[in-house]
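Notes follow once the structure below has been shown.
The values are calculated or read from the model by the stated rules, or taken from the named source; none is laboratory data. Predicted model only: the values in this text are computed from it and were never measured. FYI the Cβ positions are ideal-geometry reconstructions off the backbone, even for glycines, and counts take in every protein chain you see. Remember, those area values only see protein heavy atoms, side chains included, never the ligands or the DNA or RNA. Shrake-Rupley method; radii C 1.70, N 1.55, O 1.52, S 1.80 Å.
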Amino acid sequence: MCRDVEVDKVLEVKAYACPPWVARPEVEMLKDIEQAQEIVKNYKAGQVDIYVDASVRNGRAGIGIYATPSQVHVSKTVASSNQADVHLTELLAISEAANWPWGPLCMASDRDGHPVQASNIRIFSDSQSALRSVQS
């Protein structure tokens, strides 16, 4: 009965919700670029900033992730444009960043570039609708 169903093209989307005993992520939406630049300048030792972006074009949905100060970056296709719109793709990018495989030796840098243990992780997105979804 199910011979014609193609399961190799099914998009797996992880549940995007926090259990009630876990604190919700703090979401801050800024009004302009100057405010954003000021926040980025406010770097604290041990902080990791992760920038995410998503796009849907040419039949594909993809995400890009860039982490500082490590300068690690990820760019990959996550679905076809038939399976995901830009809102879902941006949420997938945020989820990928939030689930980054940080180990107990996760390192960041201080202002002078010396390695220190990561103590604070911030994720930056330009999608207000995705941030509102995370907030709620």
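The numbered conditions (1) closer than 21 Å to Ile121 by Cα; (2) in a loop (DSSP other than H, G, I, E, B); (3) modelled with pLDDT under 85 are all true for Met29 except (3). Go through segment 51-75 residue by residue and tally those that are touching a residue at least 40 places away in the same chain (Cβ under 8 Å) and either in contact with a Cys (Cβ under 9 Å, 6 or more places away or on another chain) or within 18 Å of Gln128 (Cβ to Cβ) (or both). Summing the residues that are touching a residue at least 40 places away in the same chain (Cβ under 8 Å) and either in contact with a Cys (Cβ under 9 Å, 6 or more places away or on another chain) or within 18 Å of Gln128 (Cβ to Cβ) (or both) in segment 51-75 gives 4.
Within segment 116-136, residues that are touching a residue at least 40 places away in the same chain (Cβ under 8 Å) and under 17 Å from Leu88 (Cα atoms) have Cβ atoms under 8 Å from residues that are among the charged types (D, E, K, R) and open to solvent by 60 Å² or more (accessible area, probe 1.4 Å) in these pairs: Ser125/Asp53; Asp126/Asp53; Gln135/Arg24, counting only partners at least 6 apart in sequence or on another chain.
Go through Asp53, Asp112, Asp126 for me and flag whichever is at pLDDT 85 or above, surrounded by fewer than 18 Cβ atoms within 10 Å (Cβ to Cβ) and in a loop (DSSP other than H, G, I, E, B). Can you show your working first?
Details: Asp53 fails: in a loop (DSSP other than H, G, I, E, B); Asp112 fails: at pLDDT 85 or above.
Checking each option against the conditions leaves just Asp126.
When Lys44 is tested against (1) of a type outside the set (A, V, I, L, M); (2) assigned to a loop (DSSP other than H, G, I, E, B); (3) open to solvent by less than 70 Å² (accessible area, probe 1.4 Å); (4) under 20 Å from Asp112 (Cα atoms), only condition (3) is not met.
Quick check on Gln37: is it surrounded by fewer than 17 Cβ atoms within 10 Å (Cβ to Cβ), in contact (Cβ under 8 Å) with a residue 24 or more places away in the chain and not small (Gly, Ala, Ser)? Write out each step before concluding.
Values: surrounded by fewer than 17 Cβ atoms within 10 Å (Cβ to Cβ): yes; in contact (Cβ under 8 Å) with a residue 24 or more places away in the chain: no; not small (Gly, Ala, Ser): yes.
For Gln37, the condition - surrounded by fewer than 17 Cβ atoms within 10 Å (Cβ to Cβ), in contact (Cβ under 8 Å) with a residue 24 or more places away in the chain and not small (Gly, Ala, Ser) - is not met.
When segment 67-90 is limited to residues that are open to solvent by less than 50 Å² (accessible area, probe 1.4 Å) and assigned to a helix (DSSP H, G or I), the one that is farthest from Ala118 (Cα to Cα) turns out to be Leu88.
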